[in-house]
Each structure stands twice: as structure tokens, then as C-alpha cells.
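Worksheet: one structure, shown below.
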Amino acid sequence: MSLLRHLYYDLKPYLPSPVRLAMRRQLAARIDATSRDIWPIKRGTATAPENWPGWPGQKKFAVILTHDVESEKGLNRCLELAKEEEALGFRSSFNFIPEGTYRTPPELRQELIRRGFEIGVHDLHHDGKLYRSHSDFLDSAEKINRYIKEWNATGFRSGFMHHNLDWAHALDIDYDMSTFDTDPFEPQPEGADTIFPFWVPAPRAASGSSKRSGYLELPYTLTQDSTLFLLLNQPDISTWTEKLDWIAQHGGMALINIHPDYINYENGRNGREYPLSFYLDFLKYIRDRYQNQYWAALPRDAANYCREFKPVKPAVSRKKVCMLSYSFYERDNRVMRYAEALVNRGDSVDVIALESESGGKKHEVMNGVNVHRIQKRLKNEKSKAAYLTRLVRFLAASSLTITRNHLLKRYDVLHIHNVPDFLVFAAWLPKLMGARVLLDIHDILPEFFASKFKASSSDFYVQQLEKIEHVSCSFANHVIISNHLWLDTITRRSVPENKCSVVLNHVDQEVFYPRPRTRKDDKVIAIFPGGLQSHQGLDIAIRAFKKVVAQFPNAEFHIYGDGNMKGDWTELSRELGLDKHVYFFPPLPIHEIAEKMANADIGLVPKRADSFGNEAYSTKIMEFMSQGIPVVASRTKIDSYYFNDSVLAFFESGNHDDLASKIISVLQQPEYREKLIVNGKKYVALNNWSIRKQEYFDIVDASGLEPIRRTQVALDGDSINKPAAELFSVN
């Protein structure tokens, strides 16, 4: 325990209660402002212990109610609180202080036990000094053990959530509840990092230890009432309900600690009490929302159940990772997928990205990811100089941000996303100080630039970009490339093959899970979400739609995105008389795009088979498949490499007549349409991010330069990196 904490607990009896509360509130406000990425939800804590069998009765999750009684006032409220819980169908554990400011009547303990509640021991004196020294703790443990035996208790919780799990073996307990999954407001803020019970085995020949082989640790996973309502002054129970929903989703243990001392039974609220209705409404929320889905257990029940298989707490990764991307984070599937995967396994992730033209927050926490937005961008570049100027400004700004953050946090890994390649040099200081730098090539830049500005391979700028690619790859510790065709190109001209890995844009089923169709009109809707650049070929699709509308007068083409071709393509739609059939919408966050896809009838990927579009892998294809809609796509080199006619309806690239014909065939032939849908779903089941993300973890965690080049899997389980005709049969 730190000297500052020692001093606080020595002075605590002499500090007036209002002064202590004011100090704690000020501190809590500062902690709250800087801890949103780890509280109230820390996503790396949801991994179940190895061989976890689930909860009894195949219940979805467990609910455990506990109470720490800290004063005479709280003691006098216990029986009334128990009756309120009992009326709602719950039972709980009441933890009493043996030698505190009150004495617990045996009659109260007996009455609670008679009603089906549990009694536990709460510290010894509750003065913050229990773990001050090992010798003092062992002396206190002898007294605590006497109360454990006298009260017929099996569990313990220390005051102020102080804990030393090794020392606690001196207690004759089946379980301890002195930890939490994540709670930066506690005096010992380091959490157990799990929402599951875990076994604490007894050390060999531990001095003063009991003869037990170990005990179960039951961390609380729902924030204490005193923190929410007295320190943070929250107006409602939304923090509880949101965390409960997350725990239920991951099958964990919802363990809460309520203090009768702080409950106002007349439903009033003041600086030291909150309304009883808050707690009762939370119990009703559990009962009504999750009826028959949860195991309502006492702590001793959970300990007895878990003792049979002694769950081992999963290891949690704690890397500090910074990602840099010249993109809008909330629309960038690839960056978001990486960042959330790392956070969900326990890493800390900062993302430095663009600020949208409409403004918004400069910093926010999104699903546990710290997102920093440092520069606005309008996608209206018409010249090479304008495009390059904005990139250089972003490099300078991001370099300053990374340098400042690294001096504070010391990143372990910097994951830099192109475009452009030279953004990797923003990580110069972390690289010098030993951090691992990854360059992720989403788009192969010389070809992308040539396509965007219609330049030849001999163009001065294109040649310079090839040199920049080479230098950038040399600077990085490892290079991630987004498809196998570009791997061959880049390893020929810029980087050794043993320094590269391929990570495809696999669909993230956490976002693109199957959604129900909610649209009920009789329209036929085709959809395209993405950048509006020339290589995307939207003009081809718009021209094709002229013929589609002739066959399906109720057809509409919904386009979501921005880019330098938006004005030209909007004008093309007007010229073709498609104003009431082709609609341009602003880009949407990927969660909203998934909803739009689920309500569409067909997905279009009309890329041009030019030098860039011919080899640019389209994430949209598998996203469409995940939502159960058929896909019509250009027969590019890259898509022919990974797919064939059993999962996609291919059309001749650049041929709007052929595209129209394929769209009409899919819409008019139910059996053909259904075959594409079924095979697409099977393909996604074999190649989604949930299955493939370990490849990325291996790259982040690697200490050497070994390549990791796993491949797509076909429907028969074989590698997709064979000619497609060998892998699929078209019925």
C-alpha cells in the first residue's frame, strides 16, 4: 500500500465527512474524464476461462447480489432491503463488519438465513489498515476466522476493496469478493480483468495459510452504488443496465455491491443517499428483460459450482497500440476492425484519424477505442498538388501527436495505415525508442495515384511514389498487405517477402451479423456504399440502371459515399433521366450501412478493371454476402482470384449492357438468386474476421519478421488460392 494511502487512512477519522466526500468527488470527476476506455466496460475482460462449461441449467449469465453494511444505519435497514428483494424473487448476501462501529445481532443474521439469504464477513475493523503489513494481517486473520466459524460464513470481502490474493489464503474461506473486473475509482485501481469467477490456488508452504487448496475469487462487475450515485452523481441506472447487457451478451457474472447505508427508503435524494427505486428498478430490469435467462445465485452457490472445475483466469494482453490513418475512423471498416479486436483482448488502443467536414468531437471513446481527430478533410481534390499538400499537413500533425502521446504512454506497437505510405515516418520517435512499427498497405499507392489522376507508369509522380513505397517499407518492422496480388507486386519492387504478411478485408460479424429485413414496400433496391472515385465504376452502374428500370419501374439505386466523382455522376443520372431512381446519400457509419444492406435486394460492385481497380480487393462483397443479398460484381483479376460464379454474378468489366443483364437475371430468377445467397453465406462463415483475427494478433505480438500468409478458404475447406473452377461447382 502506498505511503499516501497510509496517510489518508491515518487521517480519515479526523477529517469531517463532508470534506472527505468533496475530495473524493473531485478525484472521481478527474478519473471519470480519463478512463472511458476501460470503465464501466473493459472489453478485454469478456474472455471466458479455458474449458468454461457455462452456467448451471444452461443459463445465459449469472446474477449475484451482495451488500456491504458499513454503519448502524445500514444495519437497521438490512431486513427491510431483504424483504424488497424477496418480493421481486431475489436473494442476496449481507456482509457485516465484525469489530466496526456496530455489532450485528445474532437474531438478524439468523432471520436473514431463515429467509434464504447469506451472511459474509466484511473486513475486521473496516479502517483501511487490514493489509498494511503481513504480520498484522495474519493476526487479524485469526480473529476473522473466528467470526467466519461463529457466523457459519464461507466468504469474505475486505474494506475499500483492498486485496492481496496471496495473503488471503490465511482465511478459512471458500470465496473472496475483494476485487473487480475494472474500477479506476478504487484505492487499488488494478482490476482482475475478468467478468468470470476464477480460482486462486494456495501457494506451497505458505506461512499461516489454511489447509485449503485455494479459494474462488468473485470480482464485482457492476459499479458500486456509492461510486455511481454519491461520487459521480449519476441521475439514473443506465450505467448498470448497459453493463448488465454487455455481461449477459458475453455470458459472464453480473455481481453487484449495494450499501444499505446509502439508500433512501422514502425515495429522496441528497448528497449521501440515493432513492431505493434506483436499485429496485434495476432488479426489475433484470427480471423482466432476461426472464428465465439468468442464474440468480448466492456467492456461496457460485463458489461451490466453480470449485468443481477451478476456472483459471484468462491471460489478458496489455499492449499499448497507436493506429494512424488518413481516413474517417467511423467509416473505415479495416481500421475499426483491427482496433476493436485489440481492445476486446485487453490492449489499449489510440487511433489518430481525420475530422469530418461537419466537425464533431476531437476526441471520443468508441467501443473502448480512444479516437483522436486532428485534421478536417473534404474529398474534393482536383489536382496532384492539393492532394499532396493535405497529406503532408496530416503527416506533420500526426507526427507531433504521436510524439507527445508516446512520451506519455510509451506505445508498444504503431500500426500505420496507408494511403499514403510515408505516414509511417510519423512514428519516427517510437521507432527510435524500440517500438514495433507496422505499415498496412490498404491500397497500392503508385497504381492508385495513376488511376486517380490518369497518369502513366512513367509519370514522374508515379515513379516517385514507387521510391517512397520502397523507403517506407524499409522503415517499417513489418508490412501488412491487403491481398495476394499486391503482395507479389510489392515484394518484386519494394520489400523482401519474409517481411510481409497478407491480411484480407474479412467481414466483421460483430458488425455485419445477419439482420432481419424491415422494409415492406414493393421497391427493388440496389445498393453501393463506398468511395466515389473513377475506379469504382459507378458511371457504369448508372448507365446499366437505365435498362434495369425499363424492366423494373420500381427499381432504385442507392449510393452511399463521397468522392471527387460525385458531382459528375449526379449529373450523369440527371442526363439519363434517372433522378427518381438513382439516389446519392452521405456516407454512414458501418453499423448503419449494415442495416441498409440488409434491406436491399442486390449489391453492386462495378469496379473498372484498370491497373488499380483490377487488383483492389472489395470489402463490400463479403459484407453484402453476410446480409443475405446477392452480389453482381465486375470480373476483375482480384475478384476472380478469390471468388467464382457460384458465389457472385460476374459481369464483363466496363460493359454496362452486361451489368444490366446480370442484374435483371438475378432479380428475375429466384433459384439463381437463392443459390448466390446460400453460397455467399457459406463463404462468409469460413472467412469472417472472428476466425481470421488471430492472424493479425500474431503479427502484432511477433518479435521477429516471420511472414504470416494464411489464405482464404473455399466452401469445401480447401485453400482459395487455386483457380476458382477447382474449388466451386456451378449448378
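The values are calculated or read from the model by the stated rules, or taken from the named source; none is laboratory data. The shown structure was predicted, so the numbers you read here are calculated from the model rather than taken from an experiment. Neighbour counts are summed over all protein chains in view; Cβ atoms, including those assigned to glycine, are modelled from backbone coordinates with ideal geometry.
For the reader, a short list of remarks on this structure follows.
- Looking only at the range 445-459, and only at residues there that are within 15 Å of TYR387 (Cβ to Cβ) and over 39 Å from the mean Cα position of the chain (by Cα), the one that is surrounded by the fewest Cβ atoms within 10 Å (Cβ to Cβ): LYS454
- Filter result (surrounded by fewer than 24 Cβ atoms within 10 Å (Cβ to Cβ) and touching a residue at least 40 places away in the same chain (Cβ under 8 Å)) within the range 176-187: PRO184, PHE185, PRO187
- On inspection, ALA141 fails the criterion of being in a helix (DSSP H, G or I) and within 19 Å of ASN304 (Cα to Cα).
Condition check ((1) at pLDDT below 95; (2) more than 30 Å from SER135 (Cβ to Cβ); (3) within 27 Å of the chain's Cα centre (by Cα)) across all residues:
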site: GLN234; (1), (2), (3): no, yes, yes
site: SER238; (1), (2), (3): no, yes, yes
site: ILE258; (1), (2), (3): no, yes, no
site: GLU266; (1), (2), (3): yes, yes, no
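- Residues satisfying the stated conditions in the range 303-319, i.e. buried (at least 18 other Cβ atoms within 10 Å of the Cβ) and either in contact with a strand residue (DSSP E or B) (Cβ under 6 Å, 6 or more places away or on another chain) or among the acidic types (Asp, Glu) (or both): ALA303, CYS306, PRO311, LYS313
- Pairing residues of the range 147-158 that are more than 19 Å from ALA302 (Cβ to Cβ) with residues that are buried (at least 24 other Cβ atoms within 10 Å of the Cβ) and modelled with pLDDT under 95, at Cβ distances under 8 Å and at least 6 apart in sequence or on separate chains, gives no pairs at all.
- Conditions (1) under 26 Å from TYR642 (Cβ atoms); (2) of a type in the set (D, E, K, R); (3) touching a helix residue (DSSP H, G or I) at 6+ places or on another chain (Cβ under 6 Å); (4) surrounded by fewer than 20 Cβ atoms within 10 Å (Cβ to Cβ); number of the one not met by ARG493: (3)
- When LEU81, LEU88, LEU130 are screened for being over 16 Å from PRO299 (Cβ atoms) and at pLDDT below 95, only LEU130 passes.
- Test: ARG519 is over 24 Å from LEU423 (Cα atoms), under 24 Å from the mean Cα position of the chain (by Cα) and of a type in the set (D, E, K, R): no
- Spans of strands (runs of 3 or more DSSP E) in the range 207-304 with at least 1 residues closer than 23 Å to HIS122 by Cα and in contact with a His (Cβ under 8 Å, 6 or more places away or on another chain): 214-217, 253-258
- Flag if ARG436 is more than 24 Å from the chain's Cα centre (by Cα) and not small (Gly, Ala, Ser): no
- Residue within the range 662-674 that is of a type in the set (Ser, Thr, Tyr), touching a Ser or Thr at 6+ places or on another chain (Cβ under 8 Å) and modelled with pLDDT of 90 or more present: yes
- Among residues of the range 596-611 that are of a type in the set (Lys, Arg), those with a Cβ under 6 angstrom from a residue that is assigned to a loop (DSSP other than H, G, I, E, B) and surrounded by 22 or more Cβ atoms within 10 Å (Cβ to Cβ), sequence gap 6+ or separate chain, pair up as LYS607/GLY537; LYS607/GLY613; LYS607/THR636; ARG608/GLY537.
- Just so you know, in the range 117-157 the residues that are closer than 29 Å to LEU88 by Cβ and small (Gly, Ala, Ser) include one that is surrounded by the most Cβ atoms within 10 Å (Cβ to Cβ), and it is GLY155.
- Exclusive hit being touching a Gly at 6+ places or on another chain (Cβ under 8 Å) and within 30 Å of GLN668 (Cβ to Cβ), set GLN536, GLN551: GLN536
- Any hit, the range 197-208, residues being closer than 20 Å to ILE38 by Cα, assigned by TED's automatic domain parsing to the domain that holds ILE38 and under 36 Å from the mean Cα position of the chain (by Cα): yes
- Taking the criterion of being under 30 Å from TYR696 (Cβ atoms) and of a type in the set (Val, Ile, Thr), the only residue of the range 508-522 that qualifies is VAL511.
- Selected residue (only one of SER456, SER398 is assigned to a loop (DSSP other than H, G, I, E, B) and either polar (S, T, N, Q) or touching a strand residue (DSSP E or B) at 6+ places or on another chain (Cβ under 7 Å) (or both)): SER456
- In the range 93-108, the qualifying residues are those that are out of contact with any Ser or Thr (no Cβ under 6 Å at 6 or more places or on another chain) and surrounded by 17 or more Cβ atoms within 10 Å (Cβ to Cβ), and the one that is farthest from THR179 (Cα to Cα) is LEU108.
- For the range 473-493, the criterion of being in a helix (DSSP H, G or I), of a type in the set (Gly, Ala, Ser) and assigned by TED's automatic domain parsing to the domain that holds TYR329 is satisfied by at least one residue.
- On inspection, TYR642 fails the criterion of being of a type outside the set (A, V, I, L, M, F, W, C), modelled with pLDDT of 90 or more, within 30 Å of VAL479 (Cβ to Cβ) and outside the structural domain of ARG543 (by TED's automatic domain parsing).
- Given (1) modelled with pLDDT of 85 or more; (2) over 22 Å from LEU391 (Cα atoms), index of the condition ILE480 fails: (2)
- For VAL351, the criteria (1) surrounded by fewer than 20 Cβ atoms within 10 Å (Cβ to Cβ); (2) modelled with pLDDT of 95 or more; (3) of a type in the set (Val, Ile, Thr) hold in every case but one, which is (1).
- Test: ILE41 is under 25 Å from ASP172 (Cα atoms), touching a Lys or Arg at 6+ places or on another chain (Cβ under 9 Å), crowded, with 20+ Cβ neighbours inside 10 Å and not assigned by TED's automatic domain parsing to the domain that holds GLU340: no
Per-residue answers, yes or no, for (1) acidic (Asp, Glu); (2) more than 20 Å from PRO197 (Cα to Cα); (3) out of contact with any Asp or Glu (no Cβ under 9 Å at 6 or more places or on another chain); (4) outside any helix (DSSP H, G or I):
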| site | (1), (2), (3), (4) |
| --- | --- |
| GLN110 | no, yes, yes, no |
| ILE113 | no, yes, yes, no |
| HIS163 | no, no, no, yes |
| ASP172 | yes, no, yes, yes |
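- One residue stands out among those in the range 466-477 that are surrounded by fewer than 22 Cβ atoms within 10 Å (Cβ to Cβ) and closer than 20 Å to GLU615 by Cα: the one that is modelled with the highest pLDDT, which is HIS470.
- Residue match in the range 341-348 (condition: outside any helix (DSSP H, G or I), surrounded by fewer than 17 Cβ atoms within 10 Å (Cβ to Cβ) and basic (Lys, Arg)): no
A quick yes/no check of all residues on (1) at negative phi; (2) among the polar types (S, T, N, Q); (3) at pLDDT 90 or above:
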residue: VAL631; (1), (2), (3): yes, no, yes
residue: VAL647; (1), (2), (3): yes, no, yes
residue: GLU652; (1), (2), (3): yes, no, yes
residue: HIS656; (1), (2), (3): yes, no, yes
residue: SER703; (1), (2), (3): yes, yes, no
residue: GLU726; (1), (2), (3): yes, no, no
